[in-house]
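Encoded as structure tokens, the structure appears first; notes follow it.
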Amino acid sequence: MHFNELNLSQELIRAVDELGYTDMTEIQEKSIPLLLEGRDVVGRSNTGTGKTAAFGIPAVESISPAEKKTAAVLILCPTRELAMQAAGEIRKFAKYKEGVRTCAVYGGASMDKQISELKRGANIVIGTPGRVMDHIRRRTLKLEGIRTVILDEADEMLNMGFREDIETILADIPEDRQTVLFSATMPPEIMAITDKFQHDPVQVRIKTAQKTVELIEQFYFEVAMGRKTDALKLLLAAYTPSSAMVFCNTKAMVDQLSDELAKAGFRAAGLHGDMKQAQRTQVMNSFKNKATEILVATDVAARGIDVSGVDAVFNYDLPQDNEYYIHRIGRTGRAGKSGAAYTLITGRRQLSDLRALERFTHASIQQMPLPDKSDIIAMKKEALINTISSSEASHHAYDILDRLAANGIDYREAAARVINSAIQKKIDSLPEFEAARPLRKGRRDGAKTVKVDISIGRSKRIAPNFILGALVDATGMSGRDFGKIDIYDEHTTVEVPESELDYIIDSTDSIRINGHQVQVKAWKGTELPLRRQSSHRSGDKPRFDRKAKAYGSKNKKDIFSDYIPNRKKRARNKH
Ligand code: ADP
Ligand code: MG
């Protein structure tokens with residue numbers, strides 16, 4: 001259905017035309033007529049389906065001459081970026097319509113400027129819940145005239161802890177208003193808001209999960225624990241995307257990873273909610289105009305951000321929520337273009353999470369081997385040969401060559417030195433990384449096991465995954481090669497293959513765990529005292545016994561379930 005089949009004013013049709021929109025997207029087709037009628041709507045659709053226009057066009061269209069001086073429409077968005085983006089788009093719809101004044105209000109930006117915009121009579125106000133509350137308290141935003149309120153990305157706003165603000169705002173807006181809510185997911189908290197604050201809402205649901213990811217090729221790489229950063233560097237060096245997004249689950253990881261990538265010579269920058277607004281805007285602009293090639297971001301910071309031409313999305317961490325996976329990979333392959341999504345996983349638990357994602361997206365995620373460092377070097381050489389082959393030299397270059405020759409550096413040597421400066425930096429920035437781990441005999445071979453003793457324990461807030469991560473990192477062995485881990489107050493024992501005992505002790509010579517320097521020695525104890533200790537309520541008893549599955553909490557299980565000894569799994573499979 002074309003936009004001009006709607007009963008829109010000429011001003012709106014013209015603006016929409018100018019944006020190059022011809023046909024409506026599904027969510028637009030279903031919700032714009034309802035919104036124009038004034039109905040309450042709950043819209044559920046994935047990112048990239050055109051929700052901004054779905055509520056923005058009716059919002060602009062609905063502004064009447066009488067509303068020139070008062071806030072009539074309030075749009076709440078979860079982040080500053082989204083508020084800015086929505087405001088920008090709505091201004092485009094309003095280009096030819098007189099009397100529409102928009103104002104974007106969000107934290108981290110000048111209060112005075114927002115106040116003066118509101119005072120001048122903004123009638124469409126777009127903002128984040130926190131800052132909107134601020135303006136309400138200062139009476140610089142008056143709710144009396146609001147007759148339409150729109151919650152964009154409602155689920156995300158709840159995830160970010162805006163529930164109370166949203167409820168306060170909704171409770172203070174006159175009751176005979178129109179309430180519109182858009183969300184990618186419909187958790188019970190959203191339903192509760194719907195029940196409490198909407199009148200006879202129409203549900204509009206668009207299932208686009210498959211559609212959005214159809215054109216995106218999805219791959220995964222199995223990476224040894226603690227080696228994801230190295231693996232990512234290899235992937236970026238091998239695929240050389242000119243615009244890529246990398247997703248992490250924490251702000252700290254975003255900082256650390258963007259730093260490391262920048263140090264390795266990639267044009268990378270991080271984006272997350274703790275950054276100053278000016279900095280975030282600068283990072284986004286630099287990514288949009290392709291000066292920054294790699295944007296490392298958290299889900300929240302990147303939610304809904306619409307940048308065209310993203311070649312690839314990397315999931316450094318698996319998303320905590322399946323829906324997020326779709327949001328993430330939807331950043332590439334936009335506007336019908338193809339894209340690629342690469343996911344890094346470590347351990348069996350993550351592999352099974354990945355399989356669940358496959359079922360969720362109805363798409364296959366294929367395993368790929370990590371690129372080999374020598375292949376990448378060969379590619380870089382090839383690329384340099386091509387560049388040099390297709391370039392020309394000026395007389396200045398020949399002049400320099402001749403002068404160098406006069407100083408005893410012949411042409412071949414001179415060329416080699418210049419080429420070296422072009423290639424060596426690229427080679428140096430590649431991680432020392434063996435894609436194929438040393439083939440060590442691990443527990444999987446059913447080999448005889450012994451225990452090592454590690455001089456750190458529960459008193460230093462150690463968890464099994466810290467121990468295992470450090471061991472894998474130091475030895476290059478796989479997590480599966482290690483067996484049972486028992487953590488005591490001051491020390492920890494780990495079951496290891498007997499054949500690897502010397503190797504493990506050698507290679508953990510300078511191991512650090514959770515910031516502490518520790519010693520790894522062969523364990524001289526016997527099973528007996530251990531069992532006796534664990535029967536005591538207090539004392540130096542093991543905090544964690546995997547065989548006993550001592551912990552029931554979900555998080556702990558998540559951490560540990562990668563490391564169930566292989567032998568046990570095999571035994572289980574037999575049944
Ligand atoms: P969502 O909020 O659902 O994630 P957006 O509103 O950000 O989606 O829209 C995604 C992209 O699609 C934007 O670049 C927008 O300009 C574009 N778009 C929206 N509606 C249409 C349409 N009817 N035709 C073409 N492009 C559209
Ligand atoms: Mg949106």
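Every number in this text was worked out from the coordinates using simple rules, so none of it is lab data. The structure presented is a predicted model; accordingly, all values stated were derived computationally and were not measured. Positions of Cβ are backbone-derived with ideal geometry, glycine not excepted, and every protein chain shown enters the neighbour counts.
Overview of values
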item	result
Theoretical FRET efficiency, 1/(1+(r/R0)^6), r = Cβ-Cβ of Y239 and D410, R0 35 Å, to 0.05	0.40
Dipole of the range 363-429, positive end: most advanced residue of A393, G408, S364 [Cβ charges, Cα centre]	S364
Over 18 Å [Cα-Cα, the range 84-191], rounded percent	51
Length-normalised contact order of the chain in % [C-alpha pairs under 8 Å, at least 6 apart]	11
Residue-averaged [θ]222 nm for the chain, counting only DSSP H segments that reach four residues, each worth -39500 (n - 2.57)	-13000 deg cm²/dmol
Value in Å of the Kirkwood radius, where the range 374-428 supplies the Cα pairs that are averaged	12.4
Burial ranking of peptide ranges 271-284, 94-107, 148-161 (average Cβ count within 10 Å, highest at the top)	148-161, 94-107, 271-284
Share antiparallel - DSSP beta bridges, the chain, percent rounded to 5	25
Listed residue (N465, H2, A522) projecting farthest to the positive dipole end of the chain, Cβ model	A522
Modelled FRET efficiency - R0 22 Å, K276 with K113, Cβ distances, 0.05 increments	0.85
Relative packing of peptides 7-17, 251-261 - highest average C-beta neighbours within 10 Å first	251-261, 7-17
Histogram of C-alpha separations across the chain, 20 Å bin width, %	17, 41, 30, 12, 0
Projected-area average for the range 291-336 over all orientations - Cα convex hull basis, square nanometres	3.4
